[in-house]
Amino acid sequence: MTSNAPRSRSIKSYSAAAVALAATTALLAGCGSSDGNDSNPLDGGKSDGKTVVVGSNNFAESILIADIYGEALKAKGVKVTYKPNIGSRETTYGLLKNGSITVLPEYNGALLAYLDPKATPKTVQATTAAIEAKLDSKLTLLDPASAQDKDSVTVNKATADKYKLTSESSIADLKDVAKDLTIGASPEFQTRQQGLVGLKSVYGVEFKSFKALDAGGPLTLAALKKNTVQAADIFTTDAHITKEKFVVLQDPKNLFGFENVQPLVYKSGLSSAGVSALNAVSAKLDTKTLQDLDTQVQVDNKDPLDVAKAWLKSAGLAS
């Protein structure tokens, strides 16, 4: 995801007032991503049992994935309405529980951290199981996609060329050269396990210096592009990775956990045909594909609904 807006998949602690503000913002903003059948996502209305309500959080990638889910359902004859750009997880989770939303794109690691901050699963399957143990009984998760939008150690093209790093290279490949490199990230990256602490303890990687920037946002991207930093914490589906020819290093030891795209569903609102349609999307959606789709929306300024429809057709999931 490449939006400069706050990343809704990130875990944030909101006060009651902040949640109310997020709800009000969603009510007023209500960007219609789709085909004009959007209604107020906070009006308390529920699906009529025949219509699947596909919601999204308030960032571009969530809206895009929601359009993919919705159009995949339509291709199987399911009646769909969209409620895009709602707001934070604190808001959308409540709307799912009361049936106002039927389907929402989620990120498994972030959802688990919201439900159980102390959980430390070691596999995608264990992540799903841990979420299911904490989910409201009216909700369930469908199959996770291999696509992940998570933190990474990413190097710029000059650094990749200099040290012969490719998309197949690992963070561990920096062990002997990191002493000559500066890494940029949000301030907390300097002291957290999923940051410099873990890079040292898990991979034996210690950088020459650290530059405090933002969380994968414009400051970090600009610094990496200008070579002010040679490595940075960039989210794995950021469209600038392709545009600027950055190289994301593999994280085989899962230091940064799991952030697989996964449909979160209000159980009674989705038929078996709908379940199959969304599981088919997850089976086809990998990180490279999601990054390419994000690039079309974020860099090429294409409408996310058009991008969703075109990909579904190319993947054989819609005619």
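The values are calculated or read from the model by the stated rules, or taken from the named source; none is laboratory data. In this text the structure is predicted, and so the values were computed from the model without any measurement. Cβ: placed from backbone, ideal geometry, glycine included. Neighbour counts: every protein chain shown.
Here are some notes:
- Residue in the range 272-280 that is under 15 Å from Ala147 (Cα atoms), over 18 Å from the mean Cα position of the chain (by Cα) and surrounded by 15 or more Cβ atoms within 10 Å (Cβ to Cβ) present: yes
- Residue within the range 91-112 that is free of Cβ contacts under 8 Å to residues at least 24 places away in the same chain, surrounded by fewer than 16 Cβ atoms within 10 Å (Cβ to Cβ) and over 19 Å from Val53 (Cβ atoms) present: no
- Sole residue being free of Cβ contacts under 8 Å to residues at least 60 places away in the same chain, not aromatic (Phe, Trp, Tyr) and not in a helix (DSSP H, G or I), chosen from Asp238, Asp214: Asp214
- Residue within the range 188-203 that is of a type outside the set (D, E, K, R) and farther than 23 Å from Ala119 by Cα present: no
- Qualifying residue in the range 176-184 (condition: outside any strand (DSSP E or B), without any contact (Cβ under 8 Å) to a residue 12 or more places away in the chain and either under 30 Å from Asn227 (Cα atoms) or not assigned by TED's automatic domain parsing to the domain that holds Ala222 (or both)): yes
- Contacts under 9 angstrom Cβ, first residue in the range 163-174 being farther than 13 Å from Val205 by Cβ, partner loosely packed, with under 12 Cβ neighbours inside 10 Å and among the small types (Gly, Ala, Ser), 6 or more apart: none
- Qualifying positions in the range 241-269 - farther than 20 Å from Ser170 by Cβ, of a type outside the set (Ser, Thr, Tyr) and in contact with a Ser or Thr (Cβ under 6 Å, 6 or more places away or on another chain): Val265, Lys267, Gly269
- Identity of the residue in the range 57-83, assigned to a loop (DSSP other than H, G, I, E, B) and modelled with pLDDT of 95 or more, that ends up surrounded by the most Cβ atoms within 10 Å (Cβ to Cβ): Val78
- Options Lys284, Lys302, Lys288: the member that is over 16 Å from Gly55 (Cα atoms), surrounded by fewer than 21 Cβ atoms within 10 Å (Cβ to Cβ) and modelled with pLDDT under 95: Lys288
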